[in-house]
Each structure stands twice: as structure tokens, then as C-alpha cells.
Amino acid sequence: MTDIVAATGRPSGALRNSVVVGLSTTVRTGSGLVRIVVAGAVLGPTFFANFFQATNVIPNIVYEVLAGPVLALVVVPAVVRAFESVGPERARELVRALSGFLLMASGIAAALLVALSPWIADLLTRGVPEGAVRERAAHLTMLLVLFVAPQIVLYTIAFLGAAAQQARSRFALSTLAPTVENVGLTATLVTAAVVYGRGLEVDAVPVGMVVLLGVGSTLSVALHAAVQVVGAARVGLLTLPSLQWTHDPEARALVRYLVRSVRVAAFPAIGVLGLLALAVTVPGGVLVLQMAIYVYNFPVSVGARAVSIAVLPGLSDAARRLDRAAFAASTRQAIVYGLVAGFAALSLLVGLGDPVAFLLAQGELRGTDLVGVLALCVAIVGVAQLVGGLHEVARQALFARSDLDGPRRASAAALVATAVTGLIAIAMPSPESRMAVLCLALLARDLTGAAMLVRRLGRAVRPETILDRRRLAAAALAVTPALPIGLLGTAVIETVAPGRIFTALLLAGFGALVLVAYGGTFLLAGRARVRWTR
């Protein structure tokens, strides 16, 4: 990154946008992690925590099946092309047509979710012992599904607003807006704890608590959607949805493209749903899995995903102009930025996994066997996020080229890898080993998908290259001194056995040392490599 600033005298547009997205995403993802920690502290290692957390995730999973991350990858390039080639009015027409189709589809999906609520309740309460308790758990789960089903439509509105902003290279509000949802849900959980108590199991949970959690979570998503609508209005792309998309050839083609791309988003979403269905067999297992996923998402979101969002308009423009050299240069830049951040996160999460898990396990999770499982999962996702970042950038680049076949094949292969790992988890003899293998499924998924996507992307830009081997080698080498410092920090913290506040201070201190060692080694290795090649 520093050589770009030095060469130009100012940050490049992609770098500047990456910083904006990264800072906004840090706040958003951090608030999400706080929310899941509060959920663990309030709900504890219970079956109720399992089906509440799983039910609250299902609307987002259904949305991702409909469009999910694919939505931005399809809408942003289309709106960019409309602005560049015709003008803002044409861009608004496309947004209006796509909004009508997607809101119709999400409304149908919400109705289907309600209709399928008995089956969903049965799936999510499999771990509860047979009898009256399981019957009550199923009834409460069905009630939660009724309250959260509208979130599918609200997520569609929110992500349409975000895509409109990203198409105009406005990233701060669109990436920061989900923080409102996380804050709202955190407040709902705290209110439930104050009113009804903590660590309640299925047979002790009052209906009023379920209603409070269901209504509060849906209102939180509504606030998120409202903020994104305001953002779309600020960039001049707020329009009323229209069902006349069938009369617009370009909109009709985009709808067909979205329908064809459903598999790209659906397979990962189905894989996560399958992992959640297995995690419900362990009391508090869904909490541990979701904490691991949030820890995984944090470096991916503030690194590779932030970068790929920022460079997507430029990639789309280069693909439109058939400028292979510019496209490959932007892709190289995105991969370097993403993997440099990923190697730094690997050093932190693998080296300091135990104290991180200790701090995440608050309230009712303290002192349980799940803390050790969470520590192992943190280390596993520390490796997985590195591969996941590469997967994210490669997929975005292929979508910018309107290449749908590659992401679809990679998505299918990743689902197979997830399913195979999940089957292995079923055979594990203990709940703790089962949860560890479920976290390994995230790594298996990303390894499979990233390998296929990078290979396809490399073939697409030949004779250009998508990998800056010099900088990537320097980033990998920088892990060598950083990781031992993290492991030393873990040993010191465990030996001293301090309280949580002192643990947090020590963790921050050793984390800073890890980052300094990583950054310094990366810069030195990069400069040394430059001298060697002169």
C-alpha cells in the first residue's frame, strides 16, 4: 500500500475507498461480534439459545439464497454501465425494475418461510430431548419464525439501498448501516435479560420473552433498511419499485442473470444452514459456531471484502472497456491488500486464540467446556479467513467480468466439501470434537472454492497475472516473527491468569506487538526484495 502512496503522492481511489470501507466495516463487524457475545452472556449454553440464534439467522440465509452477496455483484456493474453509457435516469430505471422483482420474490419467500415453520421448528429442536419440553421448544420456534419472516423483505430493501450507494462509489454509510441493526438487537437482548433473567432453558422461557426477542430483532432490521434507503436517496437512486421489469430488455436480462446465479449464493447459505442444524445437537453449539463465524468474518470484512467492494466499480468499468491490463492490475491490487490483512489476522487469531475465546465467553458461557472448543475454533477460522479473503476477491472479479459459470461451479464444489466435513462431524464421539470439526468445515469450504476461482481467474486474464508474488511472499514471511509473539502472549496470559479486564489489556498489548512485528517484517522483506531484483 505504501508504495502506491509514495509513487502518486496521494492514495489511489481504490486505496482510499478501501480505507473508508475498512473503517466502516470494522465498526459494523465489531458491533456484530459484541451482539453475539451479549447473546452468549444472556442466553448461555442452552437449547433455547440454539433455536433463537438459528431462527434469527434464517431470514438472512433465505435472503442470501435469493440474491445475497450476488445482488451487489450483479446490480453494481449494471448501474455503473448505465451511468457511464446513458445517464442517471437510465440507472434509476434499472434500480426501479430490479427492486420490483426482488421485493416480489422476497415477499413470496417470507410467506413460504411461515408455511414451512413447523418443519423448521422440528429441524432446529432435534437436540432437545423428546417429550413435553421438545414440544414446547417447537412451539416457541414456530412463534419466532412468524416474527422474523418479514426480515427477508427488509434485508432485500437494505441491500438494494447498499448496492445503489456502492454503484456511485459511496461506501461509508452502506457498510456502516448494519451497525444500527446490531445495536438494536443487542439492546433487545439486554432488555430481555433485565426483564426475564439469563440462562433460561426451554421449559422456563416465558412466551413474553420470545415475543420481545422476535419483535425487537425485526425492528432492528427495519432500522437498518431505513438507513440504507436514506443512503440511496442521497446518491439519487431512490425510486419506487416497479413490476414492469418484463418490459425492459436489460432489466429482464439482469433478472435472468440473477435467477441463474441463485446457486452461487444458495449453496453457501445451505451449507451454513446445515452446519447450524448439526450445531443444535450441542447445548449452546449454535452460539459457539456463530461466534467462530463472526471472528472469521471480521478480518474478511475489513480486509478482502472491503477492498473488493471498493474496487468493484473500477473492475466493472475495465471489464466493460475490455481493458485486460487494467482489470488484472486492479485484481492484483485487491488480492495483495486482502491477503496482507489476512496474514496479519492469521498471526493474531492463531497466536492469541485462547485469550480471545476467554473474552468472548461472557456471562452464562463462563466456565463451560465450550470455552475450550471456542478457542480451537478461533484458531481454525484464523487460517480459514485467509483463504476466505482470496475466495471473496476472486469471486467479485469474475462477476465483474460477467462470468457466472466459474462462481457457480466453485459454489457447488464448496457445498460438497462442507457436506463431507459435516458428515465427519456427525461421527465424532463427543460434543466438543463435533463442534471443532464443524468449524473445520469453514476452512474446507473456502479452500475448495478459492482454488477453483483463482485458477479460472488466472486463465481469464492471461498473459497478465493476478498475483503479485513479491508482495505476497513478503506478507507470508512476515508471519514468521509475528506468530511466536502471539503464542508467547497466550502463554503469559494463561500463566498470570488475570481477570477479564487485565486479560483484555494484555491481549491488546500483545496484539499490538504482533501487528508491529508483522508490519515491520513485511516492509523490510518488501524492500529487500526490491534491492535483490535491481
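The values are calculated or read from the model by the stated rules, or taken from the named source; none is laboratory data. Note that the structure is a prediction, hence the values are computed from the model and not measured. Note that each Cβ is placed from the backbone with ideal geometry, even for glycine, and that neighbours are counted across all protein chains shown.
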Practice task
Answer yes or no: is there a residue in region 262-274 that is out of contact with any Lys or Arg (no Cβ under 7 Å at 6 or more places or on another chain), among the charged types (D, E, K, R) and surrounded by fewer than 24 Cβ atoms within 10 Å (Cβ to Cβ).
Solution key: no
Problem - Residue check, residue 205 under 21 Å from residue 58 (Cβ atoms) and either under 23 Å from the mean Cα position of the chain (by Cα) or of a type in the set (Asp, Glu) (or both) - result: no
Exercise for the section: Could you check residue 215 against (1) under 17 Å from residue 140 (Cα atoms); (2) surrounded by 15 or more Cβ atoms within 10 Å (Cβ to Cβ); (3) within 26 Å of the chain's Cα centre (by Cα) and say which number it fails? Expected result: (2)
Problem - residue 194 more than 18 Å from residue 64 (Cβ to Cβ), surrounded by fewer than 18 Cβ atoms within 10 Å (Cβ to Cβ) and touching a residue at least 60 places away in the same chain (Cβ under 8 Å) - result: no
Exercise for the section: Considering every residue within region 260-278, establish whether at least one is of a type outside the set (Gly, Ala, Ser) and in contact with an Asp or Glu (Cβ under 7 Å, 6 or more places away or on another chain). Expected result: no
Fill in the blank from the handout: Among helices (runs of 4 or more DSSP H) entirely inside region 318-404, those with 1 or more residues being in contact with a Pro (Cβ under 9 Å, 6 or more places away or on another chain) are 324-351, 370-400
Exercise for the section: Identify, from the list 29, 46, 8, 2, the residue that is buried (at least 18 other Cβ atoms within 10 Å of the Cβ) and modelled with pLDDT under 70. Expected result: 29
Handout entry: Condition met for residue 314 (of a type in the set (Gly, Ala, Ser), assigned to a helix (DSSP H, G or I) and modelled with pLDDT of 85 or more)
Key = no
Practice task
Would you confirm whether any residue within region 229-239 is closer than 30 Å to residue 80 by Cα, in a helix (DSSP H, G or I), more than 24 Å from the chain's Cα centre (by Cα) and β-branched (Val, Ile, Thr)?
Solution key: no
Problem - Hits in region 89-107 (condition: of a type in the set (Gly, Ala, Ser), under 15 Å from residue 65 (Cα atoms) and in contact with a Ser or Thr (Cβ under 6 Å, 6 or more places away or on another chain)) - result: 106
Practice task
Can you confirm whether region 418-438 contains a residue that is closer than 19 Å to residue 357 by Cβ, surrounded by 23 or more Cβ atoms within 10 Å (Cβ to Cβ), assigned by TED's automatic domain parsing to the domain that holds residue 290 and not charged (D, E, K, R)?
Solution key: yes
Exercise for the section: Output the number of the condition that residue 442 fails; it satisfies all remaining conditions of (1) assigned to a helix (DSSP H, G or I); (2) surrounded by fewer than 18 Cβ atoms within 10 Å (Cβ to Cβ). Expected result: (2)
Problem - Residue list for region 283-306, filter: surrounded by fewer than 24 Cβ atoms within 10 Å (Cβ to Cβ) and either outside any helix (DSSP H, G or I) or in contact with a strand residue (DSSP E or B) (Cβ under 7 Å, 6 or more places away or on another chain) (or both) - result: 283
